[in-house]
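These notes are about the structure you will find just below.
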Amino acid sequence: MFIKSIIIHDYIDQRIKQFNFDSRTNILVSDSNTVGKSSLIKSIYYCLGYSIKIWPDNWKINNMVFQIKVSNGEREHLITRHKNLFYIDG
């Protein structure tokens, strides 16, 4: 399975952030802390069903929808999570 992209949508504050990934190699780096590397990884895990205990203080997780586009060879799928609701391909 390859993660092609993730969208994080805060529908109350009306902010959307999309991250696109390459099918080969992706490296998350920064010269400083608190720029979002760990939050991006947590968002991916959360969308895949994991329970995340600590989010950034300014994130209102109950107002957010996470959507990952994955591919497994020839097929693409969308996995969407809002709170404890999951949608796959729709």
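The values are calculated or read from the model by the stated rules, or taken from the named source; none is laboratory data. Owing to the predicted nature of the structure, the values given are computational and were not obtained by experimental measurement. Heads up, the Cβs are rebuilt from the backbone with ideal geometry, glycines too, and the neighbour counts pull from every protein chain shown. These accessible areas exclude ligands, DNA and RNA; they are computed on the full protein's heavy atoms, side chains included. Shrake-Rupley method; radii C 1.70, N 1.55, O 1.52, S 1.80 Å.
Selection of the range 59-90 for residues being open to solvent by 90 Å² or more (accessible area, probe 1.4 Å) and within 13 Å of residue 8 (Cβ to Cβ) yields only 60. Look through the range 31-58, keep the residues that are among the basic types (Lys, Arg) and modelled with pLDDT under 95, and return whichever of them is nearest to residue 8 (Cα to Cα). Across the range 31-58, the extreme among qualifying residues is 37.
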